[in-house]
Every structure is written in structure tokens, then in C-alpha cells.
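One structure is given here, and the rest of the page talks about it.
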Amino acid sequence: MIVHHKVRTWSLLVSLLSILAIGSSNQLIAQAPALGQSPVHKNLIVAMTTSIEDSGLLDELVPALEKKTGYKLKKVSVGTGQALALAKKGEVDALFVNSPRAEREVLASGAVINRHLVMHNDFVIVGPSGDQAKIHGIKNAVTAFSLIAKKKALFISRDDDSGTNKLEKDLWKRANIQPNGDWYVRTGAGMGQTLQIANQKRGYTLVDRATYIFQGKNISLPILVQGDKQLLNLYHVIEVNPKKFPKVNSAGAKAFIDFVLSPEGQKLIASHGKKQFGKPLFYVDGGKTEKDYGL
Amino acid sequence: MDTIIEGAIKAFNLLISGDSEIFQVITVTLLVSSIATAISVFIGIPLGLWLAFTDFIGKQALTSLIHFGMGLPPVVVGLVVSLFLWRSGPLGDWELMYTLTAMIMAEAIVVLPIVAGLSLTAITTINPQLRWRLLSMGATPWQANWLLIKEARLGLIAAVIAGFGRAISEVGASMMVGGNIKGQTRVLTTAIVTEVEKGNYDVAMAIAYILLIVTYGIMVCLTILQHDRKML
């Protein structure tokens, strides 16, 4: 009898697993190459900033790109700071990031090449509707930051060296302020989570518009400052230098960049979000450079 | 609070409609955690058995090392495995970073000490004379070991349960070495993190329900296996 029960239990376990396996056998087969040592240059690793991943843009771009180029794209969603650090070590093949000044530094170091502007949106400063620092409607982001610091109004910072965080630090520097104290809260988290913390604590924060739009239903903080040229958010694609890191999948990185800048890729980006949110999350810039924006 | 109910409804719909995306994530989750647990069991139980019946200098040290490993933080394991698997790392040529293999490796390292430590305890608690008696009655060492494993079954399956529980609930290591890549290395726990980051709390809650259901299903099977006829 013991044996009988054991067999029954085992078969229960096995059938449970196989139902699941059959339910998704196609995907499982698609998984198979990832298990073994797939051909070295089939995999293409792109490190990108979290706001791109969270916006769902890649859910549309990746299948189209994989179909067209035959590469298997591994997109790693990290802050821009970490993405650049991975590029400097040659761990990834390409970047899709949003911190122009830091990017130019890495470009100058020779670790990356072939940098192109893809798209933009903008950052906004959001805060509690009470607005104790009275920044609503102010046209200059630096002035707004000064007022927040002067009032010691709660400010939530990502503090993760992401593109957003780098811009925030720049703005503090331009305002000649070293943010410190109880009013300055550092989360070390992604944009979505940081915005949610600001929302719960009724604090001010700097957020990219895409995240603000798709998080909108959970957030009760209004936009207080927008439209300042300093709040422009430029997204670039960059290739990691294969001369410096021989293991880099250079052909794959080029195919990725070409696709993102192609009419097809630009069309996908321009229309992304229109259906779900009634407005686009990003505006395409194929063919332009940051000089067109006075940078 | 509505999210808790909305999540339940969403989870139900996802499972009933046979949503291929969620089933793919479930499959990857089960695949990674069960292979990692299996590897840990194949190494951990013999290790526990060997430690229970062998005396040598440094046994105490090794035992406490295993017990220390039971509390190994997955993010630390994830970081160290990353350092090895990165292109610039010693195993960089294998191109394993951001693959299921990498996740299995990291999770097996996290789970192994748990299985080994609990196996050691389970086997130590049975009468130490038993092995000698079995051997003196003419059992070969392998037969004696097998009988001891059967004798300690209750505790050993508890070790498997604890190990699998750790593997399936773990986030940090999977995130770091797997990269949480949609359609490739995304598992249920990291999918929850992503949905929270996107602000889709209802979807996150739905995936949480599915994770709980899957875990419960496996645990029920293991518990039945553990108690055999007593429950059926």
C-alpha cells in the first residue's frame, strides 16, 4: 500500500508539472537555447534605464527587432549609472540610456562609440497639492529646488545614480545647495517606487514624464514645475567599443542601433502609449543630435 | 484594499484563460527552483549523511560553516556569482550571465546549505547505533545508507521543503544574475517587482496569488510524500 500511495503522489507531482509544461511548451522550447551555451554571437545584451523598461516600450520594440535581425535580445533594466558601469567593463553590447553628461564622459574614455539620439521627453517636478514651498508655476527648475531647500520641504531622491538622479544632483549643484537633513530622503530605488514613496509621504520629487503618466492612476501629486529647458530628458543608444572589449557582440549592437533609428523603430516609439494613455510617452528624434537642443 | 480582491479576480482570469505569458513565467519559475533544489538534494543529503557518520578534525568547523550558509543572503550570492559569470570574470567565456543556468547556479548555492544542514540534523536525530547494527547484520554500506535515509525520511523531506521554499521565494539572486528579462529569465517573484515598479498593483497582486497557489500545490505534494499513508 505504501508503494501505491507513493506512486500516486509522485504521479500527482509529475502530472502537475507536465500540465504546466504542456501549457507553455512553445515558450519552453524558446527557453531551451538559454539553458545551454548558446552560440556566442546570437545573444545581444542591452543595458537600459528603468524608465524605458517600465514604460513597456520594449515590449513592442523587442519582438519586432528579434524578428527582423534574428538576435535574441537580453535587456537588462538598471539605472543609467549602473548601465554605464557595465559598459565600462564591457559586460554589455549596447546601451539605451538618458544621462547625456555622464554618457559623454564614458564616450571620451573610449569604452563606448557610435552614440545616437533616439528620442526625448521631459522631467517634471511633482509635489503635494498643498505645495508648502510655493513652487507651482515657477519656470526655472533651479529656483524651484532652492525654494524647496529653503522651506526644508520633504524631497524624495532616487539616490541610485540613474539619469534622473544625475540630473537632480546637477540641479542642486546649480542652486548651490548640498541637500542634507531630515527633509532630504534617499530611496535608492527605481523611479516608480520612488514616486510612490513621494506620494505616500506627500513629498516633492523629480520624475520623468513617462513614469508619471503610466503611474498616474496611483499618484495624487500634481505636476508643479515643467517646461524648463533644463528638464529635457534625452535618450541615446550607444555601442560598446568592440576594439576595447573583444567579447562584445558588435554586429548585434549595430543591428540594435540601426533598428531603433530606422523608420520602423521610430514609428513604434512615436506611437507607444497613445492607445493606453491617450498620449505618447516619448517623442522621436531620429537623425537629430543633442546639439539641436543646445547641449 | 480593493487591490487584494482585484488581484484575485485577475489571477483567476489569467489562469483560466491560459495566458501564455504567465504560464511561461510559471514554467521558468518551477524549472529553475526545482532544478536548483534537485542539485542541492543530490549534494546536500549525501553531505549530511557523511557528516553524521564520519569523525574528522574540523568537523565542527565544517558543520558551523554549513549552518552559517543557511542564512546566506541571496543578494550576496547573486553578486558573487555575477562577478564570476561576467565577461570580465573567470567564467566569462561561458556566456552564462543572464541565463537560466546562471539562476540555477545561484539558487543552488543558496539552497544547498539549507538542505545539507537540515539533512545532517535529520540523520543525527536517529539512533547512532542503527548504522552499526545494520552493518553487523550484513548490510552493505550502501544498503545501510539507503535504510537510514528512509528512516530519516520525515526530516529529509522537511529539508527539501525548506530548500524549495527558499528557491521559489528568492528575489535578489534571480534579479541579479538572471536580469529579470521578459520571456527569458523572468520568474514570478521578479515579475511582481516589475509590475510594482510599473504601478500595476492589481497585476502584481495577481502574480502574487499565482505564486502562492503554485507554491502551495508543490508543498501539498511534498507533505503527502512526507507523511505517506498517514494522510491518505
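Under the condition of being part of a strand (DSSP E or B) and facing another protein chain (nearest Cβ under 8 Å), the residues counted in the range A:45-71 number 1.
Among the residues of this structure, A:Ile125 counts as one that is among the β-branched types (Val, Ile, Thr) and not in a loop (DSSP other than H, G, I, E, B).
Out of curiosity, is A:Val284 closer than 17 Å to A:Asn114 by Cβ, of a type outside the set (S, T, N, Q) and out of contact with any Leu (no Cβ under 6 Å at 6 or more places or on another chain)?
On the way: closer than 17 Å to A:Asn114 by Cβ: no; of a type outside the set (S, T, N, Q): yes; out of contact with any Leu (no Cβ under 6 Å at 6 or more places or on another chain): yes.
When the stated conditions are applied, A:Val284 does not pass them.
Here B:Leu135 meets each of (1) surrounded by 14 or more Cβ atoms within 10 Å (Cβ to Cβ); (2) at pLDDT below 95; (3) away from every other protein chain (no Cβ under 14 Å) with one exception, condition (1).
Could you please find all residues in the range A:236-275 being polar (S, T, N, Q) and outside any loop (DSSP other than H, G, I, E, B)? Listed by number, the residues that qualify are A:Ser250, A:Gln266, A:Ser271. Among the residues of the range B:198-213, those that are closer than 21 Å to B:Thr27 by Cβ and among the small types (Gly, Ala, Ser) comprise B:Ala204, B:Ala206, B:Ala208. Taking the criterion of being farther than 18 Å from A:Thr49 by Cβ, in contact with a helix residue (DSSP H, G or I) (Cβ under 9 Å, 6 or more places away or on another chain) and either aliphatic (A, V, I, L, M) or buried (at least 21 other Cβ atoms within 10 Å of the Cβ) (or both), the residues of the range A:106-149 that qualify are A:Ile113, A:Ile125, A:Val126, A:Gly127, A:Ala133, A:Ile135, A:Ile138, A:Ala141, A:Val142, A:Ala144, A:Phe145, A:Ala149.
Residue count for the range B:63-99, restricted to those that are polar (S, T, N, Q) and within 11 Å of chain A (Cβ to nearest Cβ): 3.
When the criteria are applied in full, B:Ile45 meets the requirement of being more than 14 Å from chain A (Cβ to nearest Cβ), surrounded by 14 or more Cβ atoms within 10 Å (Cβ to Cβ) and part of a helix (DSSP H, G or I).
Residue-wise test of (1) assigned by TED's automatic domain parsing to the domain that holds A:Gln196; (2) at pLDDT 95 or above; (3) closer than 23 Å to A:Met191 by Cα.
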{"site": "A:Pro100", "(1), (2), (3)": "no, no, yes"}
{"site": "A:His116", "(1), (2), (3)": "no, yes, no"}
{"site": "A:Gly127", "(1), (2), (3)": "yes, yes, yes"}
{"site": "A:His136", "(1), (2), (3)": "yes, yes, yes"}
{"site": "A:Asn140", "(1), (2), (3)": "yes, yes, yes"}
{"site": "A:Phe145", "(1), (2), (3)": "yes, yes, yes"}
{"site": "A:Lys150", "(1), (2), (3)": "yes, yes, no"}
{"site": "A:Phe155", "(1), (2), (3)": "yes, yes, yes"}
{"site": "A:Lys169", "(1), (2), (3)": "yes, yes, yes"}
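Only one entry in B:Gly89, B:Gly78 is part of a loop (DSSP other than H, G, I, E, B), buried (at least 16 other Cβ atoms within 10 Å of the Cβ) and among the small types (Gly, Ala, Ser), namely B:Gly89.
State whether one or more residues within the range B:110-128 are under 30 Å from A:Gly79 (Cα atoms), at pLDDT 90 or above and either outside any helix (DSSP H, G or I) or more than 14 Å from chain A (Cβ to nearest Cβ) (or both). Outline the logic, then answer.
Of the range B:110-128, the ones under 30 Å from A:Gly79 (Cα atoms) are B:110-111.
With the extra rule that they be at pLDDT 90 or above, the set shrinks to B:110-111.
Add one more test, that the residue is either outside any helix (DSSP H, G or I) or more than 14 Å from chain A (Cβ to nearest Cβ) (or both), and what stays is B:110-111.
Checked the range B:110-128: at least one residue is under 30 Å from A:Gly79 (Cα atoms), at pLDDT 90 or above and either outside any helix (DSSP H, G or I) or more than 14 Å from chain A (Cβ to nearest Cβ) (or both).
The numbered conditions (1) over 22 Å from B:Phe164 (Cβ atoms); (2) within 12 Å of chain A (Cβ to nearest Cβ); (3) surrounded by 12 or more Cβ atoms within 10 Å (Cβ to Cβ) are all true for B:Ile9 except (2). Could you tell me whether B:Leu156 is without any contact (Cβ under 8 Å) to a residue 40 or more places away in the chain, out of contact with any Lys or Arg (no Cβ under 8 Å at 6 or more places or on another chain) and farther than 25 Å from A:Thr50 by Cα? The answer is no for B:Leu156. Of the numbered criteria (1) surrounded by fewer than 21 Cβ atoms within 10 Å (Cβ to Cβ); (2) out of contact with any strand residue (DSSP E or B) (no Cβ under 7 Å at 6 or more places or on another chain), the one A:Phe214 fails is (1). Here A:Gly278 fulfils each of the conditions (1) assigned by TED's automatic domain parsing to the domain that holds A:Ala94; (2) closer than 23 Å to A:Gly79 by Cα; (3) at pLDDT below 95 apart from (2). Just to be sure before I move on: is B:Ile207 in contact (Cβ under 8 Å) with a residue 40 or more places away in the chain and either within 11 Å of another protein chain (Cβ to nearest Cβ) or out of contact with any helix residue (DSSP H, G or I) (no Cβ under 6 Å at 6 or more places or on another chain) (or both) in the structure I sent? The answer is no for B:Ile207.
Quick check on my filter: what residues within the range A:189-235 are outside any helix (DSSP H, G or I), within 13 Å of chain B (Cβ to nearest Cβ) and farther than 24 Å from A:Gly278 by Cα? Within the range A:189-235, A:Ala189, A:Gly190 qualify.
The values are calculated or read from the model by the stated rules, or taken from the named source; none is laboratory data. Values in this document were obtained by computation on a predicted structure and should not be read as measured data. A quick note on method: Cβ atoms are made from the backbone with ideal geometry, for glycine too, and the neighbour counts reach across all protein chains shown.
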